[in-house]
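Worksheet for the structure shown next.
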């Protein structure tokens, strides 16, 4: 009578109502909480989120102050050219790209979308790998697996010891050696211009950016082994994408042009397929699998 199990779950989760103990002989009743208690619970939830956000702001301020104290005094208001330099010569970019990997002693991280000025061919140069003992991780655009040559390149790298993951979209190329040097493209392919970065502050930020993408990416083996039947239907994908926007069931149904009952049926199917119990967990799991961007 109140709109289905979804609305009941939302009310009880917010502490605005509760389901009384029941038995087969005595059906369940949904009882509203007293308004003052319900409002107090909602406000407590907002207070908890604000306190969490405040802690994040304090932590960010502390880390910024630490970085400025550690690296800022020697700059004297200027940014030393040796910390960031632009390379525009194609031959020099190629040489730096090949030699940079040899400087890695602990970590070698790359973002790769295989954007090239020419189509990939069978004689495309295989990306070099660092020496043994270096942890090598790469994040590739998922579309690369649709290209036979792209699959061959990734397979060769993984067989050589690289750990690879896939993302629906990799925004740019990047090569990062330890905490010392990074190379960023100034053009989509990266051959017409590149930025060589040695600034510790920027390197630390790039490493955190890579780690964030790494957590979101899907391990290569899982992506490859997932059967086509395990992917969502177009309707389920639409529901997932709108769930990620934070829409409630009724608003989602209106936008999709389907009934609220159908929306909830799609959501239940997605939760079951992803083997999760909450919508938040479903969004995170769907993103890791590449179902949504």
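Of note:
- Mean-position separation - Cα centroids, region 166-225 and region 229-283, in angstrom: 32
- Over the chain, relative contact order from alpha-carbon pairs under 8 Å, at least 6 apart, %: 15
- Relative to the current alpha-carbon distance between residue 115 and residue 57, full extension at 0.36 nm per residue lengthens the span by 17.2 nm.
- Shape parameters for region 151-293, alpha-carbon atoms, Rg then Dmax in Å: 19.1, 56
- Nearest 10 degrees, 0 to 90: helix 35-71 Cα axis against the chain principal axis: 10
- Stokes-Einstein D (µm²/s) once Rh is taken as the Kirkwood radius of the chain over alpha-carbon pairs, at 25 °C in 0.890 mPa s: 106
- For region 228-288, the relative contact order comes to 33 percent (Cα pairs under 8 Å, sequence separation of at least 6).
- Degrees between helix 148-159 axis and first principal axis of the chain (Cα, 0 to 90, nearest 10): 80
- For residue 30 and residue 160, a Förster radius of 51 Å and the Cβ-Cβ distance give a FRET efficiency of 0.30, rounded to the nearest 0.05.
- In terms of its alpha-carbon gyration tensor, region 228-288 comes out prolate; a/c meets the 1.5 threshold, and the first ratio a/b outweighs b/c.
- Only alpha carbons enter this Debye calculation for region 79-225, each as an equal point scatterer, and the log10 of I(q)/I(0) it gives at q = 0.09 Å⁻¹ is -0.26.
- To the nearest ten degrees, helix 279-288 and the longest principal axis of the Cα atoms of the chain are 20 degrees apart.
Every number here is computed from the coordinates shown, using simple stated rules; none is lab data. Here the structure is a predicted model, which is why all the values come from computation and not from measurement. All Cβ positions, glycine included, derive from the backbone under ideal geometry; neighbour counts span all protein chains shown.
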